[in-house]
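Have a look at the structure below, then the notes.
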Amino acid sequence: MEYTTQKVHTLVIGSGASGLAAAVQLHIRNITDIAIYTEGLAMGTSVNTGSDKQTYYKLGMYGSEPDSPVFMARDLARGGSMHGDIALIEAAVSAQGFFNLVNLGVPFPHDVTGQHIGYKTDHDPKRRATSCGPYTSKNMVHALIDEVRRRNINVCENRVAVKLLTDPEEKRAVGAIFVNTETGKFEVVQAENTVFAVGGPGGLYEQSVYPKVHTGAIGLALEAGAKAYNLAESQFGLASLKFRWNVSGSYMQVLPRFVSTAEDGSDEREFLREYFDTAEDMYSAIFLKGYQWPFAAGHVPGSSLIDIYTYIETVERNRKVYLDYRSDPEDLDIEKLSGEAAGYLKRSNALASTPIERLKILNSPAIELYKVNDIDLEKEMLEIAVCAQHNNGGLAGNIWWESVNIKHLFPVGEVNGTHGVTRPGGTALNSGQVGAVRAAEFIAGKYSSSTLDPERFKAIAAAQMELFEKSGQVACNCSWQAERKIFQKRMSQAGAFIRSSKNVVAALDEAYKQLAVLQSDGLQELAADDLAETLRNRQLLAAQVYYLEAILMQIDRIGSRGGALVLADDGVLINDKLSDAWRIKPEAVEYRDYVMYSSIGAMGFPEIGFEKCRPVPEEDGWFENIWKDFRTGAIYDQQP
């Protein structure tokens, strides 16, 4: 197969908020031989997602409430299964990452005195969260794109990454292979460093709030042998389907009706009523879903029962579920709601007579974003389901966001598994910016020179292209679209927020078989898009195997926690209004002190294990010593 070869000092794969920030931070530090390879600047999760009020989590910066990096780190790590030093770094560097964005023009609000106001988000004991509306991450991306252009950083669009190149002898990354979807040609890129900013595994699930243009590429790193953390820990939540968007925050706090219908739209009913004794209890629970939007095993019993009831309606009963903002039922009396719900609506002056009127008062942009996507909440109901939303796990990085076992590879953003079981809302955006700063600083401080042997690289690239050539000698009789639908449906059925050993074991068997078939299928005579998507299916399926193996370990050893319930015949019945099938395996809480890792075993299959969480460092540093280590670059040699 024909291919071209390029050389760059640092390759950035992906153009979301973290990848763009990494490129900017590298350029600030005089690493100017950079290239961003991306499917497109308008692609990916960061530029295409948000929520009612998309949150950015950072160190507290308002009023007299005390905060510190250690305080914030403790709160980040409190959910469990998170290394404390990583939590401290995400806290300590949060202000730098935040003000980098402020200085680029991202409109985070401040008051007349210049204080950046905050509010409490989920799992947040302080008012650290901020937002510039439904499009926070989109605003971040646009500001960063402008800065990339001002700095004349090279951006190569219409490229799909199909292979990470590594030197197995030196255990380091050396570049990547792409398919140019305009020409259909392979492009090989040699790179001293690779910043891997490919986002979460959006392409794995059928029911997903990841934008359709985002699929993720963690499978490329897993195929290359990169170690991963906490792959079983994901977030799921209620989201709209026609236009993929989280229905969190004010979408719930204005108390919409939950309506289900038959597939043909007939037999409309408010299905939640069968599970609650009073209308007040039902609407108080709906209100709490705004604050507690992600499904959480810890909120069962509690507001996360609404996710389960929606799952029963959509999956078990095969009905459609909608939110209706057009009218209130006759029995809704806001005065009888919980004190928290009634007090919030009163203090917000949102005591209007319909959900849509209350939403206009609380958050009118939340209405407009649907309207620009051809959904008018004043005239139609909004179809929803429980969807995959975020992977708290991902690739294993050290304190500089470098892969723990592949040198010169820097996973940043959602693809880096820094988060534990639960996390405050908005920490993902902070983590991506912190990771960009840390990776750029380390590359500039430690990896600024060129150490790759060009001849060695040519041999590695040629060997991989030869494998593609051999694969291409067998005619491809499959449709990549059909193959993708198969494994996406499998993942939503077995690997979403409702899990059982029986389903995962069966799904794993199917995934291994499908992957073997896809790896034997050829690449000859495929059009550019088909070639890229066929190779994408391979890495997505490889990732599915890793995720399902991790989920199976969670089922066997850990039980229900975070974003997942594990069903078990001998488990605990979670609600007396549900059948015996809804018995769950309780959590083995001792595993909160461990991070689950996944890596390639001796036989080439995933190997799953646990490592003890490192604590939050609380050292009493001495300025002169730290200054010396900083001046001499000794900080880059210090690892936990």
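The values are calculated or read from the model by the stated rules, or taken from the named source; none is laboratory data. Here the structure is a predicted model, which is why all the values come from computation and not from measurement. Cβ sites come from the backbone with ideal geometry, for glycine too, and all protein chains shown count toward neighbours. We work out accessible area using only protein heavy atoms, side chains counted, and drop any ligands, DNA or RNA first. Shrake-Rupley method; radii C 1.70, N 1.55, O 1.52, S 1.80 Å.
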Margin query: Quick check on packing: order 561-567, 503-509, 132-138, 435-441 by the mean number of other C-beta atoms within 10 Å, highest mean leading.
Written below: 435-441, 561-567, 132-138, 503-509
Checklist line | Debye, to nearest 20: dipole size of the chain, +1 on Lys, Arg Cβ, -1 on Asp, Glu Cβ | finding: 940 debye
Item checked: 5 angstrom amide H check on Tyr56, placed H, neighbours 5+ away -> Thr130, Ser131
Next item on the list: Please report, in cubic angstrom per residue, the volume enclosed by the convex hull of the alpha-carbon atoms of the stretch 351-499.
Entry: 239 Å³
Next item on the list: For the stretch 1-103, run through the GluC sites (Glu not before Pro) and keep only the ones in DSSP coil with at most 10 other Cβ atoms within 10 Å of their Cβ.
Entry: Glu2
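Could you give the accessible area per residue of the stretch 197-354, probe 1.4 Å, as a whole number in Å²? Kindly include the intermediate steps, with their values, before the conclusion.
On the way: 5410 Å² over 158 residues.
Averaged over the residues of the stretch 197-354, the accessible area is 34 Å².
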Item checked: Sparse-neighbourhood loop sites, trypsin sites (Lys or Arg not before Pro) in the stretch 352-395 - DSSP loop, at most 16 other Cβ within 10 angstrom -> Lys379
Next item on the list: May I ask for the angle, rounded to the nearest 10°, between helix 355-371 and the longest principal axis of the chain, with both axes built from Cα atoms and the value confined to 0 to 90°?
Entry: 30 degrees
Next item on the list: Could you check how much of the accessible area of the stretch 120-205 is carbon and sulfur, as a whole percent, using a 1.4 Å probe?
Entry: 39 percent
Note to self: Rounded, prolate or oblate, given the Cα gyration tensor of the stretch 199-243, with a/c below 1.5 counting as rounded?
What the structure shows: oblate
Next item on the list: Quick one: grab the alpha carbon gyration tensor of the stretch 101-165, order the square roots of its eigenvalues as a ≥ b ≥ c, and give me rounded if a/c is under 1.5, else prolate or oblate depending on whether a/b is larger than b/c.
Entry: oblate
Next item on the list: Return the percentage of antiparallel bridges among DSSP beta bridges fully within the chain, rounded to the nearest 5 %.
Entry: 65 percent
Note to self: At a 10 angstrom cut-off on C-beta neighbours, averaged per residue, how do the peptides 263-272, 380-389 rank from highest to lowest?
What the structure shows: 380-389, 263-272
Next item on the list: Starting from the Cα of Lys58, draw a straight line to each of the aspartates and glutamates and keep only those under 16 Å, dropping any in the same chain fewer than 8 residues away.
Entry: Asp67, Asp75, Glu90, Asp122, Asp124
Item checked: Tilt relative to the chain, helix 17-28 - C-alpha long axis, 0 to 90 degrees, to 10 -> 40 degrees
Check: Can you work out ³J(HN,Hα) from phi for every residue in the stretch 290-295, in order, using Karplus 6.51 cos²θ - 1.76 cosθ + 1.60 and θ = phi - 60°, giving whole Hz and x for Gly and Pro?
Finding: x, 6, 10, 5, x, 4
Item checked: Rounded to 10°, Cα long-axis angle of helix 501-520 versus longest principal axis of the chain -> 40 degrees
Notebook entry, point to check: Which residue, chosen from Tyr62, Met553, Leu518, occupies the Cα position most advanced towards the positive end of the dipole of the chain, where the dipole is computed from +1 (Lys, Arg) and -1 (Asp, Glu) charges on Cβ about the Cα centre?
Noted result: Tyr62
Next item on the list: Determine the gain in length on full extension of the stretch Arg583-Glu611; use 0.36 nm per residue of separation and subtract their C-alpha separation, reporting nm with one decimal.
Entry: 7.1 nm
Check: When the gyration tensor of the stretch 121-261 is built from Cα positions, what are the square roots of 5 times its three eigenvalues, in whole Å, from largest to smallest?
Finding: 35, 20, 18
Margin query: To make sure I understand the rule: partners must be lysines, Cα under 19 Å from the Cα of Lys577, and not fewer than 8 residues away in the same chain. Which ones qualify?
Written below: Lys585
Checklist line | Charge dipole (the chain, unit charges on Cβ, about Cα centre) - positive-most of Gln493, Gly16, Tyr251 | finding: Gly16
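Could you calculate, for the chain, the ratio of the Cα radius of gyration to the Kirkwood radius, expressed as Rg to Rh? Could the numbers behind the result be given before it?
Numbers: Rg = 24.3 Å, Rh = 25.3 Å.
Here the Rg-to-Rh quotient is 0.96.
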Next item on the list: Take the eigenvalues of the Cα gyration tensor for the stretch 1-108, scale each by 5, and report the square roots as semi-axes in whole Å, largest first.
Entry: 32, 17, 16
Next item on the list: Could you rank the peptides 549-560, 285-296, 422-433 by their average count of other C-beta atoms within 10 Å per residue, with the highest value first?
Entry: 422-433, 285-296, 549-560
Note to self: I'd like the carbon and sulfur percentage of the solvent accessible area for the stretch 575-640, probe radius 1.4 Å, heavy atoms only, ligands and nucleic acids excluded.
What the structure shows: 55 percent
Note to self: Give me, ordered by chain and number, the residues 5 or more places off Gly175 or on other chains with an amide H under 5 Å from its own placed amide H.
What the structure shows: Leu165, Ala191
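Using the heavy atoms of the protein chains alone and a 1.4 angstrom probe, what is the accessible area of the stretch 550-640 per residue in square angstrom?
Per-residue accessible area for the stretch 550-640 comes out at 61 Å².
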Item checked: Cα pair count fraction exceeding 21 Å, expressed as % - the stretch 481-640 -> 62 percent
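Per residue, how much accessible surface does the stretch 49-108 expose to a 1.4 Å probe? Answer in Å², no decimals.
Per residue, the stretch 49-108 has 34 Å² of solvent-accessible surface.
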Next item on the list: On the protein heavy atoms, probe 1.4 angstrom, tell me the percent of accessible surface of the stretch 269-418 carried by carbon and sulfur.
Entry: 45 percent
Check: Roughly how many whole Å is it from the C-alpha centroid of the stretch 361-437 to that of the stretch 203-273?
Finding: 12 Å
